[in-house]
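Asks: Would you mind keeping the following structure in view while I ask a few things?
The values are calculated or read from the model by the stated rules, or taken from the named source; none is laboratory data. As the structure is a computational prediction, the values presented were derived from the model and not from experiment. Cβ coordinates were reconstructed from backbone atoms using ideal geometry, including for glycine residues, and neighbour counts include every protein chain displayed.
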């Protein structure tokens, strides 16, 4: 099918439901308010892309590169972002309920007021991430790296250990 390169493409408000574009290059593309529900974007390169108010619910972005992407107010309920690079991505007010962020690179990401309820962050790197006001109820936080992350301790007090379910999570 040839190379799938759409750098700087204007895809605002596009209906791309269940589209299959593994390894597509959408660097710096504008996907504002696009509907990518159930899309297959395995290993996609979305470096610097604008996904403001984009629907990514149930989408597969496993191993995708979203370095410096703008995902402000993005809806990504049940999205698979396992092993994705979200380094310095802006995820403020994003809806990431039940999302899979296993081993995701979230270093320096802005997750202010994001809803991570029930999300699986097992092994994720949140070094230097800003989680001010983020909702973490029911999130899986086993082996998460928190070095220099910004958050209020009260955000984690109701979160239970993924090992026993009884003890509050200890932050190193």
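Asks: Which is modelled with pLDDT of 95 or more, in a loop (DSSP other than H, G, I, E, B), out of contact with any strand residue (DSSP E or B) (no Cβ under 7 Å at 6 or more places or on another chain) and over 23 Å from residue 62 (Cβ atoms), of 143, 172, 148?
Replies: 148
Asks: All but one of (1) surrounded by fewer than 16 Cβ atoms within 10 Å (Cβ to Cβ); (2) more than 22 Å from residue 105 (Cα to Cα); (3) modelled with pLDDT of 95 or more hold for residue 22; which doesn't?
Replies: (2)
Asks: Going by what's in this entry, would residue 131 be described as touching a helix residue (DSSP H, G or I) at 6+ places or on another chain (Cβ under 9 Å), buried (at least 21 other Cβ atoms within 10 Å of the Cβ) and in contact (Cβ under 8 Å) with a residue 12 or more places away in the chain?
Replies: So residue 131 fits the description; yes.
Asks: Give the range 34-62 a look and list any residue that's in a loop (DSSP other than H, G, I, E, B), within 19 Å of residue 5 (Cα to Cα) and more than 11 Å from the chain's Cα centre (by Cα), or say none.
Replies: Within the range 34-62, 34, 36, 39, 41, 42, 43, 44, 46, 47, 48, 49, 51 qualify.
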